[in-house]
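Q: Structure below; questions to follow.
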Amino acid sequence: MALVWQHAVGGMRYEIRRAGRSVRLYTNGVLHTQYHPGYVFGGGVWDLLGLPALWREDARLSGILLLGLGGGAVVRQLHELVEWDRFVAIERNPVHLDIARRFFGLERVPAELIELDAGRWIEAHPDLRFDLVIDDLFSDTHGEARRSEPISREWYRRLRGLLSDRGTLVINFADGRDLERRIRRIPAVRCDFKRVYKLTLPAYGNAVAVLLREAREPADLERALNVIRPRRRTAKLRYHLTRVNL
């Protein structure tokens, strides 16, 4: 794997590495983003963030909000999967924003990239609503990725407030046990959503929660994927999907 760019500032070390056409962003040695321009799904945990968009019956989403951009692989993925009227990505790290534009091609995608803390941005936009909200707020601690905003009842309330009436909420967790424990501690989830699923990949410890206002089933997602596969180049996507019983 070739090192093509590196930068150190403020005690942080950033590296861009390539393996063939695959581009990878490492921050303090932690892999934050991986993207291959020839594939919609590359087999990384970022596939699980964009995948839930296929559960929706809408061919076009009025709005998508991404909290935590990293290198922006999920933005590129969603650009292949769905259409949108507005895409807003919030990232507090200016180096990540620069990397996303320079190395991951986000200057060619119609998305608004905003440098700001996610909590402050939410406070400043109480009236905005989105069809898809993705919370991927992670930082690194001692060489390991950790959520930078714990999923408390208050944070959940703020995320839920961003959703349209039929909106989908996607949250990345460090592991499956943490996902189930924290989701079950929030009683409002039972009333707000008809289905909650956990998405995982064999090679990653992360688990992604998908909270759906509509009663969509695993077979609905697989049917949507079968439509995508003949039209897009995809790496084999060996995701595992389980329903979270509340």
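The values are calculated or read from the model by the stated rules, or taken from the named source; none is laboratory data. A quick note: this is a predicted structure, and the numbers were derived from the prediction, not measured. In this analysis, Cβ positions are derived from the backbone assuming ideal geometry, glycine residues included, and neighbour counts consider all displayed protein chains. Surface areas here come from the heavy atoms of the whole protein model, side chains and all, with no ligands, DNA or RNA. Shrake-Rupley method; radii C 1.70, N 1.55, O 1.52, S 1.80 Å.
Q: Mind telling me which of I151, I186, I16 comes out most flexible in a GNM of the chain, alpha-carbon contacts under 10 Å?
A: Residue with maximal mean-square fluctuation among I151, I186, I16: I186.
Q: A further question follows. Have a look at E115, E15, E217 and tell me which one the Gaussian network model of the chain (Cα, springs below 10 Å) gives the largest fluctuation.
A: Between E115, E15, E217, it is E217 that shows the largest mean-square fluctuation.
Q: When the accessible area of the chain is split by element with a 1.4 Å probe, what percent falls to carbon and sulfur?
A: For the chain, the apolar C and S fraction of the accessible surface comes to 45 percent.
Q: Provide Rg and Dmax in Å for the stretch 100-246, with only Cα atoms included in the calculation.
A: In order Rg, Dmax, the Cα atoms of the stretch 100-246 give 16.4, 43 Å.
Q: Just flag the trypsin sites (Lys or Arg not before Pro) in the stretch 1-61 sitting in loop per DSSP whose Cβ has no more than 12 other Cβ atoms within 10 Å.
A: Taking the stretch 1-61 and a limit of 12 other Cβ atoms within 10 Å, the loop trypsin sites (Lys or Arg not before Pro) found are R21.
Q: What number in nm² do you get for the stretch 1-114 if you take the convex hull of its Cα atoms and divide its surface by four?
A: The directionally averaged projection comes out at 6.9 nm².
Q: I would also like to ask the following. Accessible area per residue for the stretch 1-61 in Å², computed with a 1.4 Å probe and the full protein assembly in place, what is it?
A: Value returned for the stretch 1-61: 42 Å² of accessible area per residue.
Q: When averaged across all projection directions, what area in nm² does the alpha-carbon convex hull of the stretch 31-93 cover?
A: For the stretch 31-93, the mean projected area of the Cα convex hull comes to 4.3 nm².
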